[in-house]
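Report on the following structure.
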Amino acid sequence: MDKASIDREARRQMEILVSNTEEVVSEEEFLDKIRRSLEEERPLRVKLGLDPSAPDIHLGHAVVLRKLRQFQDLGHTVICLIGDFTGRVGDPSGVSETRRQLTEEEVQENARTYREQIFKILDPDKTVMDFNSRWLGTMDFGDVIDLASHITVARMLERNDFAQRHATDRAIFVHEFFYPLMQGYDSVALEADVELGGTDQKFNLIMARTIQRAYDVEPEIAMLMPIIEGTDGVRKMSKSLDNYVGVTEAPEEMFGKIMSLPDELICRYFRLLTDRAADDIDRLEAQLKDGDINPRDAKEDLGITLVSDYWDEESARRAAEAFRSVFSGGGLPEDMPVLECSALVDEEGSAWIVAMVAEAGFASSNSEARRLVTQGAVSIDGEKIEDPKARVIPSPGAVLRVGRRRFCRLG
């Protein structure tokens with residue numbers, strides 16, 4: 001490839017990779033790295049650190065993972081780094097208290113779950129999985145002192161979360177300072193050319209560039225991706241806030257959650273979470289603004305697109321039909337699971353409603369089931385049950401409903 005061809009290809013890749021990012025530090029350096037990777041026929045090494053403290057992948061994570069897939073499609077090497085060592089400390093970003101340290105067993109189980117889920121988006125044949133215990137776990141105390149000697153306490157206190165805790169006399173433990181240092185050293189060990197993260201990771205990614213320079217490694221490009229709002233339309237998508245759409249959720253559940261989105265998020269989700277052409281999304285945005293298209297129809301299109309991406313087109317079609325049947329036609333899903341209640345009933349034939357909700361799989365624990373009952377989200381054959389102490393006599397064929405989208409028949 002001649003110099004002119006290399007320059008054209010570098011600019012083409014740059015345009016693709018910079019699209020839908022919040023910030024790239026720096027674009028000039030990035031273009032130079034792409035050019036050199038083409039000249040040397042050496043793919044860029046693109047890093048994403050995964051701290052395995054909350055391993056359920058949802059569409060919020062998918063924003064970053066989809067960008068990684070673009071790197072893969074352009075021939076670059078993606079390194080998903082499981083933070084099995086840094087996970088023992090926990091990322092202090094955005095928290096006001098010291099995080100609980102994970103046990104080795106918790107870290108390994110969460111890491112396993114991550115590995116299973118990221119390949120819903122990434123190509124497993126083009127993904128390198130690594131663990132930072134491979135180098136962090138072998139460092140001696142002299143190595144740790146050397147690492148810490150490159151960064152001042154004043155620099156650490158530039159982080160908003162640390163600064164706020166320091167200003168209000170809330171504890172900051174020394175081991176928490178080591179998280180950004182360790183994450184930065186990961187980039188040294190991997191010789192990373194690019195690192196991706198959300199905008200809340202900017203301090204950590206810029207710190208990595210500083211540490212790489214200290215170890216005579218060319219600084220990586222920091223690529224900051226948008227943080228997408230959850231189904232409430234306001235807060236960051238998070239499982240703890242119950243405003244998430246999981247990439248492994250059942251098609252009907254995924255589709256239903258997309259249909260519950262505020263209208264303002266339709267085009268944002270299309271831009272960040274689908275392969276829909278930018279011109280088509282611009283056109284849709286104008287149509288929605290002018291009232292030329294019903295937002296419900298646009299959300300159905302979005303729901304079918306996303307379910308098809310994570311499952312398949314047939315699953316998406318069935319999910320859309322089930323949604324229309326329940327919420328447009330006033331009916332019930334045709335294929336509902338059956339909850340066998342025989343093991344739940346007492347001598348008088350009654351069963352605790354909380355146990356029924358949990359046993360049906362509509363809550364992960366009795367405490368979560370109690371919350372759902374108290375919130376008025378639980379009904380049997382249309383009759384709400386709001387007393388978490390209630391016992392009911394299960395009638396075979398009756399429909400237990402939790403929220404808007406979860407149903408089962410009693411057996």
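Read-outs: derived from the displayed coordinates by stated rules, not from any lab. From a predicted model like this one, the values you see are computed outputs, not experimental measurements. Methodologically, a virtual Cβ is constructed for each residue, glycine included, from the backbone with ideal geometry; neighbour enumeration extends over all protein chains shown.
General remarks:
- Taking other Cβ atoms within 10 Å as a rough exposure proxy, THR168, THR113, THR103 sort from fewest to most as THR168, THR103, THR113.
- Residues LEU344, LEU181, sorted so that the one with the fewest Cβ neighbours within 10 Å comes first: LEU344, LEU181
- Label assignment, volume of the Cα convex hull per residue in Å³ derived from the structure, set (i) 174; (ii) 148; (iii) 182: (iii)
- Modelled label positions at ARG8 and GLU348, each set 7 Å beyond Cα in the direction of Cβ, lie 8.2 nm from each other.
- For the stretch 155-162, Karplus couplings with θ = phi - 60° (6.51, -1.76, 1.60), whole Hz, Gly/Pro x: 5, 4, 6, 6, 5, 4, 5, 5
- Cβ-based charge dipole, the chain, positive-most Cα from LEU65, GLN201, LEU410: LEU410
- Amide H contacts under 5 Å for HIS58: VAL247, restricted to partners 5 or more places along the chain or on a different chain, H placed in the peptide plane at 1.01 Å from N.
- The stretch 3-225: antiparallel DSSP beta bridges as a percent of all, rounded to 5: 15 percent
- Cα gyration tensor category, rounded, prolate or oblate, for the stretch 210-345 with a/c compared to 1.5: oblate
- Along the stretch 23-38 the Karplus relation, 6.51 cos²θ - 1.76 cosθ + 1.60 evaluated at θ = phi - 60°, assigns HN-Hα couplings of 7, 10, 10, 10, 5, 4, 5, 5, 4, 5, 5, 5, 4, 5, 5, 6 Hz to successive residues, with x for each Gly and Pro.
- Footprinting exposure proxy for VAL247, VAL25 (fewest neighbouring C-beta atoms within 10 Å first): VAL25, VAL247
- Nonlocal amide H pairs with MET225, under 5 Å, H built at 1.01 Å: GLU22, GLY197, GLY198, THR199
- Between ARG155 and ILE393, the simple label model (points 7 Å from Cα in the Cβ direction) yields a spacing of 7.3 nm.
- Label-reachable residues, the stretch 263-302, where backbone N falls under 19 Å from a point 7 Å from THR199's Cα toward its Cβ: 264-274
- Gain on full stretching of the segment that runs from LYS120 to ALA167 - 0.36 nm per residue minus C-alpha separation: 12.6 nm
- You can think of it this way: the chain between MET1 and THR103 has 31.6 nm of extra reach, that is 0.36 nm per residue less the Cα-Cα gap.
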